[in-house]
Amino acid sequence: MNDMVTISPEVQAALAEHKAVVALESTLITHGLPYPTNVETALAMEAAVRKSGAVPATIAILKGKITVGVSASEIERLGALPYSSVRKCSRRDLPIAVGMGEDAATTVAGTMIVAHMAGIRVFATGGIGGVHRGAPFDVSADLIELGRTPVAVVCSGAKSILDLPLTLEVLETQGVPVLGFGTETLPSFYTRNSGLPIDACVETPEQAAQIIAAAQKIEAKHGILITVPVPEVDELPSATAEKAIQQATEEAAAQGIHGKAVTPFVLNRVSELTEGESRRANVALLVNNARTGGLIAVALSKLG
Ligand code: PSU
Ligand code: MN
């Protein structure tokens, strides 16, 4: 194993025994949710993975050390840091954070890279990055990473703050299968159905696991996207979500917010505009995806 990566004893033991492990990211802790909701949610996601019978492995960079299986006390410490003081690490940022000995959070792309280095095949999060509305050259590194790193990402699609049709086009170009877990259409984060068709619908964790195993057997070099709609009771009415997103995106542009600051700004502003409803949906889908990721990882571990 690469000596740049520290793996917790629990995760190490699970990997050695070919048990189910689910990677979890840290950007949603440092940039996606406010304190203390971020810490509570990260711990609730770990608990949901465990309840499904798998071992959670939260990934972050702690004082320059790439860490797989961040402890609860480190999650608490990261979650309480002012978000501007923590680097949001995608592929390009990883060597900077490590080289400079920083505390840093991994995005979907960053977490996929580390999960793959550690031998973890399933990763659960909220939403992947995508192509930004009105800025078709702002393509999240998450999409490119999905095209080149063989990890299955369980999520609620891409945030509806993005241009979803263009996001699907880029995923197609990158060769990434997009599966729906009990759905024929792409979920759009706060809402269950974007109306956009995807590649296949799987009804069970076992079916999802079969596709991950098949990709591995044919030595596919790319990831797989497994999309799970937000639970029905937690869904936002799509007109409410749409209106808030539209306004938040316009405000971001007007304030000159760009690059990796856009997503955290818009998530926060949408929550203000919906009086916290969007944040409740976000937390609910995160925990549900962690649970589902756990079930898929368990099914995959049974296939060898
Ligand atoms: N899911 C959430 N909240 C988040 C994210 C995912 O519920 O904050 C993060 C992920 O780390 C993802 C990032 O990689 O948002 C996308 O950022 P960008 O659009 O800048 O690529
Ligand atoms: Mn972006």
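The values are calculated or read from the model by the stated rules, or taken from the named source; none is laboratory data. Quick caveat, the model's predicted, so the values are computed rather than measured. Note: ideal-geometry Cβ built from the backbone for every residue, glycine included; neighbour counts use all protein chains shown. Accessible surface is based on the protein model in full, side chains and every heavy atom, while ligands, DNA and RNA are left aside. Shrake-Rupley method; radii C 1.70, N 1.55, O 1.52, S 1.80 Å.
Of the residues that sit in segment 137-196 and are of a type in the set (A, V, I, L, M) and in contact with a Phe, Trp or Tyr (Cβ under 8 Å, 6 or more places away or on another chain), which one is farthest from ligand 1 (Cβ to nearest atom)?
Restricting attention to segment 137-196, the residues satisfying the condition of being of a type in the set (A, V, I, L, M) are 139, 141, 143-144, 146, 151-154, 158, 161-162, 164, 166, 168, 170-171, 176, 178-179, 186, 196.
Applying the additional criterion that residues be in contact with a Phe, Trp or Tyr (Cβ under 8 Å, 6 or more places away or on another chain) yields 151-154, 158, 161.
Numbers: Val151: 13, Ala152: 15, Val153: 10, Val154: 11, Ala158: 9, Ile161: 8 Å.
Once the filter is applied, the top-ranked residue is Ala152.
Among (1) among the basic types (Lys, Arg); (2) within 16 Å of ligand 1 (Cβ to nearest atom); (3) in a helix (DSSP H, G or I), which single condition is Arg77 missing?
The one condition Arg77 does not meet is (2).
Consider segment 177-214. How many of its residues are of a type in the set (A, V, I, L, M, F, W, C) and either touching a His at 6+ places or on another chain (Cβ under 6 Å) or open to solvent by less than 20 Å² (accessible area, probe 1.4 Å) (or both)?
Of the residues in that region, 9 qualify.
Please list, ordered by first then second residue, the pairs with beta carbon atoms under 9 Å, 6 or more apart or interchain, first in segment 1-22 and free of Cβ contacts under 8 Å to residues at least 60 places away in the same chain and among the polar types (S, T, N, Q), second part of a strand (DSSP E or B) and crowded, with 19+ Cβ neighbours inside 10 Å.
Matching pairs, first to second residue: Gln12/Val68.
May I ask you to verify whether Thr27 is β-branched (Val, Ile, Thr), open to solvent by 10 Å² or more (accessible area, probe 1.4 Å) and either more than 16 Å from ligand 1 (Cβ to nearest atom) or modelled with pLDDT under 95 (or both)?
Criteria not met by Thr27.
So that you can scan it fast, the table gives a plain yes or no per residue for (1) on the phi > 0 side of the Ramachandran plot; (2) within 12 Å of ligand 2 (Cβ to nearest atom); (3) crowded, with 21+ Cβ neighbours inside 10 Å; (4) assigned to a loop (DSSP other than H, G, I, E, B):
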site: Met117; (1), (2), (3), (4): no, no, no, no
site: Phe123; (1), (2), (3), (4): no, no, yes, no
site: Phe137; (1), (2), (3), (4): no, yes, no, no
site: Ile144; (1), (2), (3), (4): no, yes, no, no
site: Pro150; (1), (2), (3), (4): no, no, no, yes
site: Val153; (1), (2), (3), (4): no, no, yes, no
